[in-house]
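Visitor: The structure follows.
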Amino acid sequence: AALLLATAPALAQLPESCLPPGQDHGKARVDFVYDGDTVRLVDGRRIRLIGLDTPEFHHRDERREAEPYAVEAHEALKALLAEHGQQVLLVHDRQRHDRYQRTLAHLYTPDGRSITALMLQQGLGTRLTIPPNDWNVDCYRDAEREAGIAQRGIWSLSQNSLFEATELPRDATGFRRVEGRVTRIGESPRAIWINLEGDVALRIDREDLQFFPDLDVTSLMDARVRGRGYVYNHRGQLRIRLRHAADLEILAVNGS
């Protein structure tokens, strides 16, 4: 893990959005690293890094093995923090806490490097965009894309390949990326459904439509689209909930 960080491309190659904003930042010191995306500060606050989801250790179930690259992500984050004397800068987004009452923050090293972007660059996690906290999404998307092209870390695993919707395994779980032709647009009181070939549905809750400002769902019939997120099975249909426009790509509209 330390080698991964030592050979990481310079973050200066990423967009300026990867740099901390001009406003004042909160300074803090990390006391403990739980895993690749969660730490505890010396003041007791538990910080969940915004924009990053690393493989799970399954702390609450010792019978389950750690997911691939969970150990590497944990050790890489520890090494990065140790390199800077456990000091970090905190940049908050629009939402300060998650449902577990963890403090949400974008973390930076004291010299202004995005910790989330660096972890994503090395393929040690996936980009996670949970509205309304979408500041820096372009930076994180580019960092993850770089790791994917190079097949670093988790992107070397077959389960993280881009699947045609018709070829997504029926027992698929966890994070997945799918692509396919839209065969039907469905609506319910709570959600919009983008149904793909292969009985895979991309779900957008109506409360999240505000985070898809340019989306015209009526134009998607027969379009090819790409979605990403966590898959679940509902009565035999594979579904993925999309929460932000960054998780949906429209590849071709009406066969164009």
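Visitor: Identify, please: which residue in segment 23-45 is small (Gly, Ala, Ser) and part of a strand (DSSP E or B) and is, among those, farthest from HIS84 (Cα to Cα)?
Guide: Here the residue is GLY26.
Visitor: Please work out which one of (1) closer than 27 Å to GLY125 by Cα; (2) of a type outside the set (A, V, I, L, M); (3) touching an Asp or Glu at 6+ places or on another chain (Cβ under 9 Å) is the condition GLU197 fails and give its number.
Guide: Just one mismatch for GLU197, condition (1).
Visitor: Also, quick follow-up: Do any strands (runs of 3 or more DSSP E) entirely within segment 80-164 hold 2 or more residues that are among the β-branched types (Val, Ile, Thr), and if so, which?
Guide: 87-91
Visitor: I'd like to know if segment 63-71 contains one or more residues that are at pLDDT 95 or above and either among the polar types (S, T, N, Q) or open to solvent by less than 50 Å² (accessible area, probe 1.4 Å) (or both).
Guide: Yes.
Visitor: Shifting gears a bit: Residue by residue through segment 229-246, note down the ones that are in contact with a Leu (Cβ under 9 Å, 6 or more places away or on another chain) and either assigned to a helix (DSSP H, G or I) or open to solvent by less than 20 Å² (accessible area, probe 1.4 Å) (or both).
Guide: GLY229, VAL231, LEU238, ILE240, LEU242, ALA245, listed by residue number.
Visitor: Next up: Would you pick out the residues in segment 206-225 that are part of a strand (DSSP E or B) and either in contact with a helix residue (DSSP H, G or I) (Cβ under 9 Å, 6 or more places away or on another chain) or of a type in the set (Val, Ile, Thr) (or both)?
Guide: Selection gives VAL225 alone.
Visitor: While we're looking at this one, here's another question. From the list GLU164, GLU146, GLU179, pick out the single residue that is among the acidic types (Asp, Glu), at negative phi and under 16 Å from the mean Cα position of the chain (by Cα).
Guide: GLU146
Visitor: While we're here: Of all residues in segment 153-173, how many are open to solvent by 60 Å² or more (accessible area, probe 1.4 Å), in contact with a Gly (Cβ under 9 Å, 6 or more places away or on another chain) and free of Cβ contacts under 8 Å to residues at least 40 places away in the same chain?
Guide: Counting residues in segment 153-173 that are open to solvent by 60 Å² or more (accessible area, probe 1.4 Å), in contact with a Gly (Cβ under 9 Å, 6 or more places away or on another chain) and free of Cβ contacts under 8 Å to residues at least 40 places away in the same chain gives 5.
Visitor: List the pairs whose first member sits in segment 82-105 and is at pLDDT 95 or above, whose second member is of a type in the set (Asp, Glu) and crowded, with 16+ Cβ neighbours inside 10 Å, and whose Cβ atoms are under 7 Å apart, counting only residues at least 6 apart or on separate chains?
Guide: Taking only residues 6 or more apart or on different chains, the pairs are LEU104/ASP93.
Visitor: Quick one: which residue in ARG224, ARG181, ARG203, ARG176 is free of Cβ contacts under 8 Å to residues at least 60 places away in the same chain, in contact with a Phe, Trp or Tyr (Cβ under 7 Å, 6 or more places away or on another chain) and either under 24 Å from ARG127 (Cβ atoms) or surrounded by 14 or more Cβ atoms within 10 Å (Cβ to Cβ) (or both)?
Guide: Exactly one of ARG224, ARG181, ARG203, ARG176 is free of Cβ contacts under 8 Å to residues at least 60 places away in the same chain, in contact with a Phe, Trp or Tyr (Cβ under 7 Å, 6 or more places away or on another chain) and either under 24 Å from ARG127 (Cβ atoms) or surrounded by 14 or more Cβ atoms within 10 Å (Cβ to Cβ) (or both), namely ARG203.
Here's the yes/no breakdown for (1) in contact with a Pro (Cβ under 8 Å, 6 or more places away or on another chain); (2) of a type in the set (D, E, K, R); (3) over 25 Å from ASN254 (Cβ atoms):
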{"position": "ARG152", "(1), (2), (3)": "no, yes, yes"}
{"position": "TRP155", "(1), (2), (3)": "no, no, yes"}
{"position": "SER158", "(1), (2), (3)": "no, no, yes"}
{"position": "SER161", "(1), (2), (3)": "no, no, yes"}
{"position": "LEU168", "(1), (2), (3)": "no, no, no"}
{"position": "ASP171", "(1), (2), (3)": "no, yes, yes"}
{"position": "GLY174", "(1), (2), (3)": "no, no, yes"}
{"position": "ILE185", "(1), (2), (3)": "no, no, no"}
{"position": "SER188", "(1), (2), (3)": "no, no, no"}
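The values are calculated or read from the model by the stated rules, or taken from the named source; none is laboratory data. Bear in mind that the values here come from a model prediction, so they are computed numbers and not experimental data. Cβ: placed from backbone, ideal geometry, glycine included. Neighbour counts: every protein chain shown. Accessible surface areas use protein heavy atoms only, side chains included; no ligands, DNA or RNA. Shrake-Rupley method; radii C 1.70, N 1.55, O 1.52, S 1.80 Å.
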